[in-house]
1. Could you check the range 39-48 and list, in sequence order, the residues that are surrounded by 11 or more Cβ atoms within 10 Å (Cβ to Cβ) and more than 13 Å from the chain's Cα centre (by Cα)?
2. Within the range 25-36, is there a residue that is of a type in the set (D, E, K, R), outside any strand (DSSP E or B) and modelled with pLDDT of 90 or more?
Amino acid sequence: MGKGKRSSGKNYVSKGIVGTTKSRSKQDPDYPALRMMNQLKAYQAGKNVVLTIPNPNPNETNKRFIKVNARDVWKSVRR
């Protein structure tokens, strides 16, 4: 059995997007609160959580935000 005729690169036509997944948009007004709640729940469960905070050093203008471990920020929260 033959494999049939295959299209070459210049004659290829895309079939388009079949389906998309729906995710929560970062422009959603509830997104920051839900994200913080999920991070807090993960921290209380003993997970390794990384927080994004404004950079305390104003001289580093190329790094407006930095990532820090939640253990350094949320010391009082117990597992």
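The values are calculated or read from the model by the stated rules, or taken from the named source; none is laboratory data. On a predicted model such as this, the values are computed, not experimentally measured, just so you know. When we count neighbours, we look across all protein chains shown, and the Cβ atoms used for this are built from the backbone with ideal geometry, even at glycine.
1. Within the range 39-48, 40, 41, 42, 43, 44, 47 qualify.
2. Yes, some residue in the range 25-36 is of a type in the set (D, E, K, R), outside any strand (DSSP E or B) and modelled with pLDDT of 90 or more.
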